[in-house]
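Written out below as structure tokens is the structure these notes cover.
The values are calculated or read from the model by the stated rules, or taken from the named source; none is laboratory data. It should be emphasised that the depicted structure is a prediction, and the values quoted were computed from it without experimental measurement. Neighbour counts run over all protein chains shown; Cβ positions are idealised from the backbone, glycine included. Areas reflect the complete protein model, heavy atoms only, side chains present, ligands, DNA and RNA absent. Shrake-Rupley method; radii C 1.70, N 1.55, O 1.52, S 1.80 Å.
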Amino acid sequence: KVLIVLPPFWTPMIPPQSLGVLKAFLQERGYEVATSDANIKDQFKNIYQRYFGALREFIPESNWGNFYNIGHDVLRNHMMAYFNQMGQDNSTKEYYHLVKSIVFNTYFTHLSDNQIEKLENIISEYYIRLKNYTLKLLVKEKPDVFGLTAHLGTLSSCMFSFQLAKQRFPHVLTVMGGSIFAGEMPVGSPDFDSFLDRTPYIDHIVVGEGQNLLLRILRGELPKNQRVYTLKDINNEKIPLSKIGLPDLSDLELQQYPYMAAFGSSSCPHQCRFCNIAGFFGEYREKEVSQTVSEMQQLYD
């Protein structure tokens, strides 16, 4: 059994297509798959609202800028700083200085120790809720394989949940994928190498389009002692887009999303240097127009 989760925080405007695509693809090949998007859960939406509510109170309106957009940098960096200092009793002064720097470098505002403490309490509660959510999900689903999707905003949550899973359920195979390995932390970079050294609780990392790679891992067709798999390990073999049908979104609370989504292509015909889509999905591919229209009609119905 495979459990695949998108942790917080990632903007949940549409259901996470990658989870649904993997679920449908693996189930067609005989695997039992459960998926979950933690972003839409009330306990995490509440944390998000409280954190930005506190920032809004502390930051002068003249310094807001594109408040929520740039505020995501503060939130994710604070989450990572908190994760990194867990269990370190003597790091409070240095840690508070770091969080103050994170806020100042984004909003150009100096926060007091009391203000940092209020933000800190919210982040502390977030990790308590993430712990309870992760353990409850693992106990309920009893997976053999636990997969998490890592984007820039979900990285610290992935690390925390994987570490927790290995501590409590060491027999579970942990697998990470996601766009972060095509953009902010590419394979072979110093950041990626450092990440590997610091995350022994992650058994395998899938880089790039994940259907074939994850299937080969489950079938035992890739070296078990290898931690990082890329499309080069399977001769760049990809699933024809016409054979990737509708994502299976049956586990997700679709009424929580403002939009549904259909896809008629993969990657992008352009090679913009500021975007990692082409780096993640490779060359541009399209479905037949008739297939795309049919699938959109099915989603609408």
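Which of the residues that make up the stretch 281-301 are open to solvent by 60 Å² or more (accessible area, probe 1.4 Å), closer than 30 Å to residue 186 by Cβ and in contact with a Leu (Cβ under 9 Å, 6 or more places away or on another chain)?
286
Which of (1) open to solvent by 40 Å² or more (accessible area, probe 1.4 Å); (2) among the β-branched types (Val, Ile, Thr); (3) within 18 Å of the chain's Cα centre (by Cα) is the odd one out, the single condition residue 134 does not satisfy?
Unmet for residue 134, out of (1) open to solvent by 40 Å² or more (accessible area, probe 1.4 Å); (2) among the β-branched types (Val, Ile, Thr); (3) within 18 Å of the chain's Cα centre (by Cα): (1).
Could you check residue 38 against (1) small (Gly, Ala, Ser); (2) closer than 30 Å to residue 173 by Cα; (3) surrounded by fewer than 18 Cβ atoms within 10 Å (Cβ to Cβ) and say which number it fails?
Of the numbered conditions (1) small (Gly, Ala, Ser); (2) closer than 30 Å to residue 173 by Cα; (3) surrounded by fewer than 18 Cβ atoms within 10 Å (Cβ to Cβ), the odd one out for residue 38 is (3).
Hey, could you check the stretch 129-151 for residues that are assigned to a helix (DSSP H, G or I) and among the polar types (S, T, N, Q) and say which is nearest to residue 168 (Cα to Cα)?
Looking at the filtered set, the residue picked out is 134.
What number of residues within the stretch 47-68 satisfy the criterion of being under 20 Å from residue 126 (Cβ atoms) and open to solvent by 80 Å² or more (accessible area, probe 1.4 Å)?
Summing the residues that are under 20 Å from residue 126 (Cβ atoms) and open to solvent by 80 Å² or more (accessible area, probe 1.4 Å) in the stretch 47-68 gives 5.
Quick one: what pairs do we get from the stretch 210-231, first residue under 19 Å from residue 20 (Cα atoms), second open to solvent by 50 Å² or more (accessible area, probe 1.4 Å) and of a type in the set (Lys, Arg), C-beta under 7 Å, 6+ apart or different chains?
Matching pairs, first to second residue: 212/238; 215/29.
Does the stretch 76-96 contain any residue that is out of contact with any Phe, Trp or Tyr (no Cβ under 9 Å at 6 or more places or on another chain), part of a helix (DSSP H, G or I), under 13 Å from residue 52 (Cβ atoms) and modelled with pLDDT of 95 or more?
For the stretch 76-96, residues out of contact with any Phe, Trp or Tyr (no Cβ under 9 Å at 6 or more places or on another chain), part of a helix (DSSP H, G or I), under 13 Å from residue 52 (Cβ atoms) and modelled with pLDDT of 95 or more: absent.
Taking residue 111 as the residue in question, decide whether it is surrounded by 20 or more Cβ atoms within 10 Å (Cβ to Cβ) and either assigned to a loop (DSSP other than H, G, I, E, B) or within 21 Å of the chain's Cα centre (by Cα) (or both).
Against the criterion (surrounded by 20 or more Cβ atoms within 10 Å (Cβ to Cβ) and either assigned to a loop (DSSP other than H, G, I, E, B) or within 21 Å of the chain's Cα centre (by Cα) (or both)), residue 111 qualifies.
Within the stretch 241-274, how many residues are free of Cβ contacts under 8 Å to residues at least 12 places away in the same chain and within 29 Å of residue 185 (Cα to Cα)?
5
Looking only at the stretch 14-30, filter to residues that are open to solvent by 60 Å² or more (accessible area, probe 1.4 Å) and not in a helix (DSSP H, G or I); which one of those is nearest to residue 149 (Cα to Cα)?
In this case the residue turns out to be 14.
Please go through the stretch 70-95 and give me each residue that is open to solvent by less than 70 Å² (accessible area, probe 1.4 Å) and over 26 Å from the mean Cα position of the chain (by Cα), ordered by number.
Within the stretch 70-95, just 91 meets the criteria.
Among the candidates 253, 295, 283, which residue alone is out of contact with any Gly (no Cβ under 9 Å at 6 or more places or on another chain), over 20 Å from residue 4 (Cα atoms) and of a type in the set (Asp, Glu)?
Going through 253, 295, 283 in turn, the sole match is 283.
In the stretch 229-269, which residues are surrounded by fewer than 16 Cβ atoms within 10 Å (Cβ to Cβ), aliphatic (A, V, I, L, M) and over 24 Å from residue 286 (Cα atoms)?
Selection gives 254 alone.
Tell me which residues, restricted to the stretch 199-225, are at pLDDT below 95, open to solvent by less than 40 Å² (accessible area, probe 1.4 Å) and part of a loop (DSSP other than H, G, I, E, B).
If the condition is that a residue be at pLDDT below 95, open to solvent by less than 40 Å² (accessible area, probe 1.4 Å) and part of a loop (DSSP other than H, G, I, E, B), then 207, 208, 209, 210, 222 are the ones that fit.
Could you grab me the full set of residues in the stretch 144-159 that are under 16 Å from residue 10 (Cα atoms) and of a type outside the set (Gly, Ala, Ser)?
Correct list: 148, 149, 151, 152, 154, 155, 158, 159.
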